[in-house]
Every structure is written in C-alpha cells, then in structure tokens.
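J.: Below is one structure. I have some questions about it.
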Amino acid sequence: MSINDPLLDFDRQHIWHPYSAIGANQPLWRVKSAEGVRLHLADGSELIDGMSSWWSAIHGYNHPSLNSALQEQIGKMSHVMFGGLTHEPAIKLAKLLIDITPLDIQTVFFSDSGSVAVEVSMKMAIQYWHGKGKSRKQRFLSLKNGYHGDTFGAMSVCDPVTGMHSLFSDTLTEQFFVDAPTCKFNASCNEEDITPLKDQLKKHHETIAAVIMEPIVQGAGGMRFYSPEYLQQARSLCDEYGVLLILDEIATGFGRTGKMFACEYANIEPDIMCVGKALTGGYLTLAATMTTKEISETISHGNPGLFMHGPTFMANPLACSAGVASLELLLSTDWKHNIKRIESRLVKGLSACEALDNAADVRVLGAIGVVELKEPVNLADIQPKFVEQGVWVRPFGKLVYLMPPFIMSDDDLDYLTQAVYKILSTQP
Ligand SMILES: *Cc1c(COP(=O)(O)O)cnc(C)c1O
C-alpha cells in the first residue's frame, strides 16, 4: 500500500465504497490496470485475483475478444433509448440467453444491475397475479441467509439479520422467511428441512406472489451449498400452492457452479429467473429478468396491459455487446471440463485448511471455494496480509472464499490456495 498517494487520500474522504464508512481509514489499494487474472496496483505490485470482481470477470481482465467487441460497438453507438427503438446487440443477447436458459424461459427484460433485476422479478410476479385476478398476492417468501441485492424490494427478501432489516423497519415491506435448508449439496433432504416452507405456504399462499431463492448456492448471505432435492421440493410446493418460483441466478449463473445455471442440478425450471454479474464477463453492468410466455402474456393482457418498468439505460448496446462476446466466448470453450479442473484444484489446495484450528468447514462446488472460520476475520488486519502474499482475496465475516476467473492456470490456483492456507495458519 503506498503511503503518500493523494488520490487515495481524496478517495478516503469523499468516495463511498461497498459497505464502507467515510473516514474510517480502511485499507484501500489503487488498481492501474488488470490483465488476465492479474491486478496491477499503482505501487507496481501485482495480485492474482481470487474474486473475479465479485463473480463477474469470468474470462479475466482485458480480454482481446471482449475488448474488440466493445471497440466495434463503440464505433457504431454506445447507447440509444430502448423505448420504441431496438438494436442487434440486445436481440443477439436475448437469443443467446433464451437458448441457454431452461426451456420455458422465453422472454427477457434487460436492466442495469442485479438488484434491479430482482425488483423487476418481484413486480412481474405481482403483475402476473393481478392479471389472474388475484391482486392480494403481493408478498414474498424467501430463505434466511439469502442475499438478493440492496434496493428496497430486494433488501426486503434478504436475510433479516445480516440485511439489517431493523434499521429500515418502517420503510421495508415485511416478507415471509423460512430457515435456510441444512441439507448439504451431496446429501438428500429431510422432512424437517422442507416442513417450514410447506407450513408457511399452507398458511399464507393467498397473499404470497412468489418464493424467491438463490438456487443451490446461497452467496453473500453465507456461501452455503444446499441439496438439489430441496429445490425440487420447493418447486413442487410452489405448484401445489399456486405460488411462483423466482430463482436468483445472479451469482450462480454462467457456469460458476459447474452447470450453466445452478437450477440444472435439480432438473427444475423457475417461473422467473434473474441473471447478472458474469453476464457481461465483468465488463459492464447489465442484468436480465427472464420469464415464461405464460407469465409475459398474462401481464401483457392484464390491466394496465403493460409491464410497469423501463430503465433509461435499458439494454445498453455496449453492455449487450459485451454480453454477446462473453457468452460466445464461454460457449466456444469446454467450460464444463474447465470448471471441473478448477474444482479439483480448489479441493486439493484448500483441503490443507481443514486441519487448521480456526477453520470450521472447507467446501468447494464448481469454481467456488470456501473456508468458513470459527470466528469472523478482522478485514483491516487480514486483507493487507493477502496483498503482501500477492493475491486478491476479500473475506467477509467468517468466510474466506475464492471464485477465480475461469481462465486461471493450475499454477496460479495452487499459489492462491497456498496463500490462503498460509495466511489463515497465522491467524488466531
Ligand atoms: C450480487 C447479487 C445481487 C445484486 O446484484 P447487484 O448487481 O450488486 O445489484 C442479487 N442477487 C444475488 C444472488 C447476488 O449475488
């Protein structure tokens, strides 16, 4: 960390960072450029990136095909309004998305970010039921430990404790929650796991528009992997009680878990799905809310006969062309085999952490590796240690986790996991 960096000083005093405080003097590093899996810092050092910039930079940084797709698009137009106008990047991306998502998912609503995609999914569910003459169905049921974004609607379905609902209690809509499943990814699911969901649906289905959950992997709310059987049961319960199922694939989508979408582990289809994060390969902010013909048509034939949402930068052509390039790149590789490679490397590299006194659990699924500690880390203390080791790892709470770009070599993966072991073994 450079001590005398006036840019950093300005930043500290004037710019908010994610979940940050102004003037708190948290460690902060200035990145000058990034290439492949490496971040180049202003002080000349370089870091191997273990985070893919929060699930998004799956092809690494500064990728020639993504760069040239964007350069080509910028020469045509960077943006044009989407009301009454359309363009090839949006059409191409929608086609690709419809191709790779579950069969019944046939329409696409583009928006700016994951949180907005979740807001849109909630509005779709409400408008669908309105169109069906069931306008009492306006509330949502979600899982504890879930994370769906930071805007108010999305926040209302995040874990009430880690999402600090108490702070916003008079503004936030109260939703229904059930305990997150405890059945592990490789295990089957017990009656006790599913009973809470069943009970809540039985009691409240007349006012519930949809169940919303992250399939298989609960991300920012705890990095928990759960059994596909739970998802199958949730699907049947939603059908039984006349409630929609929204799957938030914003973190899990585009191969990260070893399937293109995590819901494929359960062989089920959602009614509405949200994608974001890796959609543009980490180049630009873009998300999409996708749904079935049935739901789209019900909304379109209902009152007011329109879906009530329309962002200024909807389907931004630059972002869409990044999305097209990123998906074409992913599909042109043997990505499944590659994720298996990363998975086995993470298993091998992180297994050493199981022996650490401070580790509670080590788990890996696809290109996601997690070391859960017994106590929360002190971020201000531990993060500089990772940087000194030449890796970018950003833990939260008790979780030290890796989700590397898919292009990371075996050697870099080994270096990364060894650095994690090394730092954690020096922690109290
Ligand atoms: C990150 C995330 C969001 C929010 O996306 P933003 O682009 O940060 O608004 C929503 N749901 C899940 C599962 C996420 O991981």
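J.: What number of residues within region 393-416 satisfy the criterion of being of a type in the set (A, V, I, L, M, F, W, C), touching a helix residue (DSSP H, G or I) at 6+ places or on another chain (Cβ under 8 Å) and more than 18 Å from ASN358 (Cβ to Cβ)?
T.: Initial filter on region 393-416 (of a type in the set (A, V, I, L, M, F, W, C)): 393, 396, 399-400, 402-403, 406-408, 413, 416.
Checking the rest, the ones that are also touching a helix residue (DSSP H, G or I) at 6+ places or on another chain (Cβ under 8 Å) come to 393, 396, 400, 402-403, 406, 408, 413, 416.
Those left that are additionally more than 18 Å from ASN358 (Cβ to Cβ): 403, 406, 408, 413, 416.
Qualifying residue count for the region: 5.
J.: Given SER53, SER33, which one is surrounded by 14 or more Cβ atoms within 10 Å (Cβ to Cβ), under 30 Å from VAL370 (Cα atoms), among the polar types (S, T, N, Q) and in contact with a strand residue (DSSP E or B) (Cβ under 9 Å, 6 or more places away or on another chain)?
T.: Values: SER33 fails: surrounded by 14 or more Cβ atoms within 10 Å (Cβ to Cβ).
Testing whether each residue is surrounded by 14 or more Cβ atoms within 10 Å (Cβ to Cβ), under 30 Å from VAL370 (Cα atoms), among the polar types (S, T, N, Q) and in contact with a strand residue (DSSP E or B) (Cβ under 9 Å, 6 or more places away or on another chain) leaves just SER53.
Let's see how each residue does on (1) touching a Cys at 6+ places or on another chain (Cβ under 8 Å); (2) of a type in the set (Asp, Glu); (3) in contact (Cβ under 8 Å) with a residue 12 or more places away in the chain:
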site	(1), (2), (3)
ALA266	no, no, yes
GLU269	yes, yes, yes
LYS277	no, no, yes
GLY281	no, no, yes
LEU286	yes, no, yes
THR289	yes, no, yes
GLU297	no, yes, no
PRO304	no, no, no
PHE307	no, no, yes
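J.: Inspect region 16-27 for any residue being touching a residue at least 40 places away in the same chain (Cβ under 8 Å), under 26 Å from PHE261 (Cα atoms) and in contact with a Pro (Cβ under 9 Å, 6 or more places away or on another chain) and give the result as yes or no. First the steps, then the outcome.
T.: At the first step, the residues of region 16-27 found to be touching a residue at least 40 places away in the same chain (Cβ under 8 Å) are 26-27.
This time we only want the ones that are under 26 Å from PHE261 (Cα atoms), so: none.
Scanning region 16-27 turns up no residue that is touching a residue at least 40 places away in the same chain (Cβ under 8 Å), under 26 Å from PHE261 (Cα atoms) and in contact with a Pro (Cβ under 9 Å, 6 or more places away or on another chain).
J.: Do you know which of the residues in region 1-57 that are charged (D, E, K, R) and in a strand (DSSP E or B) is nearest to the chain's Cα centre (by Cα)? Steps first, answer last, please.
T.: Within region 1-57, the first condition is being charged (D, E, K, R), and the residues that meet it are 5, 9, 11-12, 30, 32, 35, 38, 43, 46, 49.
Checking which are in a strand (DSSP E or B) leaves us with 32, 35, 38, 46, 49.
Working: LYS32: 26, GLU35: 23, ARG38: 22, GLU46: 26, ASP49: 17 Å.
If we take residues in region 1-57 being charged (D, E, K, R) and in a strand (DSSP E or B), then ASP49 is nearest to the chain's Cα centre (by Cα).
J.: Next up: Could you please find all residues in region 296-316 being surrounded by 21 or more Cβ atoms within 10 Å (Cβ to Cβ) and assigned to a helix (DSSP H, G or I)? Steps first, answer last, please.
T.: Here is the first cut: in region 296-316, the residues surrounded by 21 or more Cβ atoms within 10 Å (Cβ to Cβ) are 299, 315-316.
Of everything in region 296-316, just one residue is surrounded by 21 or more Cβ atoms within 10 Å (Cβ to Cβ) and assigned to a helix (DSSP H, G or I), namely ILE299.
J.: Next question. What is the residue count in region 124-176 for residues that are of a type in the set (Phe, Trp, Tyr), within 16 Å of the ligand (Cβ to nearest atom) and not in a loop (DSSP other than H, G, I, E, B)? Give the derivation first.
T.: Start the filter on region 124-176 by keeping residues that are of a type in the set (Phe, Trp, Tyr), which leaves 128-129, 140, 147, 152, 168, 176.
With the extra rule that they be within 16 Å of the ligand (Cβ to nearest atom), the set shrinks to 140, 147, 152.
Pick out the ones that are also not in a loop (DSSP other than H, G, I, E, B) and you get 140, 152.
Residues meeting the conditions: 2.
J.: Still on this structure: Please go through region 354-372 and give me each residue that is surrounded by fewer than 19 Cβ atoms within 10 Å (Cβ to Cβ), in a loop (DSSP other than H, G, I, E, B) and of a type outside the set (Asp, Glu), ordered by number.
T.: LEU356, ASN358
J.: Does ASP357 meet the test of being in contact with an Asp or Glu (Cβ under 7 Å, 6 or more places away or on another chain), more than 16 Å from the ligand (Cβ to nearest atom), among the acidic types (Asp, Glu) and more than 26 Å from VAL108 (Cα to Cα)?
T.: Working: in contact with an Asp or Glu (Cβ under 7 Å, 6 or more places away or on another chain): no; more than 16 Å from the ligand (Cβ to nearest atom): yes; among the acidic types (Asp, Glu): yes; more than 26 Å from VAL108 (Cα to Cα): yes.
Criteria not met by ASP357.
J.: Taking region 373-400 as the region of interest, how many residues are in a strand (DSSP E or B) and surrounded by fewer than 22 Cβ atoms within 10 Å (Cβ to Cβ)?
T.: Filtering region 373-400 down to residues in a strand (DSSP E or B) leaves 373, 391-392, 396, 399-400.
From what is left, the residues that are surrounded by fewer than 22 Cβ atoms within 10 Å (Cβ to Cβ) are 373, 396, 399.
Here the count works out to 3.
J.: Checking the conditions here, which among ALA251, ALA278 is closer than 19 Å to GLY114 by Cβ, of a type outside the set (Val, Ile, Thr) and either touching a strand residue (DSSP E or B) at 6+ places or on another chain (Cβ under 6 Å) or not in a helix (DSSP H, G or I) (or both)?
T.: Working: ALA278 fails: either touching a strand residue (DSSP E or B) at 6+ places or on another chain (Cβ under 6 Å) or not in a helix (DSSP H, G or I) (or both).
ALA251 is the lone residue from the list that is closer than 19 Å to GLY114 by Cβ, of a type outside the set (Val, Ile, Thr) and either touching a strand residue (DSSP E or B) at 6+ places or on another chain (Cβ under 6 Å) or not in a helix (DSSP H, G or I) (or both).
Every number in this text was worked out from the coordinates using simple rules, so none of it is lab data. Values in this document were obtained by computation on a predicted structure and should not be read as measured data. A quick note on method: Cβ atoms are made from the backbone with ideal geometry, for glycine too, and the neighbour counts reach across all protein chains shown.
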